[in-house]
Amino acid sequence: ERERLFAKLKGFPFLHPFPSQANFILCSVQKGKAKEIYEQLRQRGIFIRYFDTPQLKDYLRISVGKPGDTDALIEALREIESK
């Protein structure tokens, strides 16, 4: 599921996912603020982590879940992107 999630995240021009062997994918936010994306996902019941430290400013950490979790996340990101 990690590979599928990574491929889907690569399709969003405002995100830059980094390859991972862990149970999460780290993404830098290329357009906008990580905290705003985090908040919009949280309002939809999708919980990820955002970072606002100097080393990881505007990064998101997205845990790899089940296929349904990936589908819900991608649908929510599409809604956010279309705003």
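Among the residues of the range 1-34, those identified as under 13 Å from ILE62 (Cα atoms) and touching an Asp or Glu at 6+ places or on another chain (Cβ under 8 Å) are SER28, VAL29, ALA34.
For the chain, please list each of the strands (runs of 3 or more DSSP E) lying entirely inside it that holds at least 1 residues being among the acidic types (Asp, Glu) and surrounded by fewer than 17 Cβ atoms within 10 Å (Cβ to Cβ). Even if it seems obvious, please write down each step before you answer.
Working: elements: 15-17, 24-29, 49-51, 59-63.
Answer list for the chain: none.
Taking every residue in the range 64-76 that is under 14 Å from LEU41 (Cβ atoms) and pairing it with any residue that is open to solvent by 30 Å² or more (accessible area, probe 1.4 Å) and of a type in the set (Ser, Thr, Tyr), at least 6 positions away or on another chain, the pairs with Cβ-Cβ distances below 9 Å are ASP69/SER63. Considered as a group, the residues in the range 7-21 that are among the hydrophobic types (A, V, I, L, M, F, W, C) and touching a residue at least 24 places away in the same chain (Cβ under 8 Å) include one that is nearest to ASP69 (Cα to Cα), and that residue is LEU9.
The values are calculated or read from the model by the stated rules, or taken from the named source; none is laboratory data. Remember, it's a predicted structure, so these values are computed and weren't measured experimentally. Cβ sites come from the backbone with ideal geometry, for glycine too, and all protein chains shown count toward neighbours. Calculation scope for accessible area: heavy atoms of the full protein, side chains included, ligands and nucleic acids excluded. Shrake-Rupley method; radii C 1.70, N 1.55, O 1.52, S 1.80 Å.
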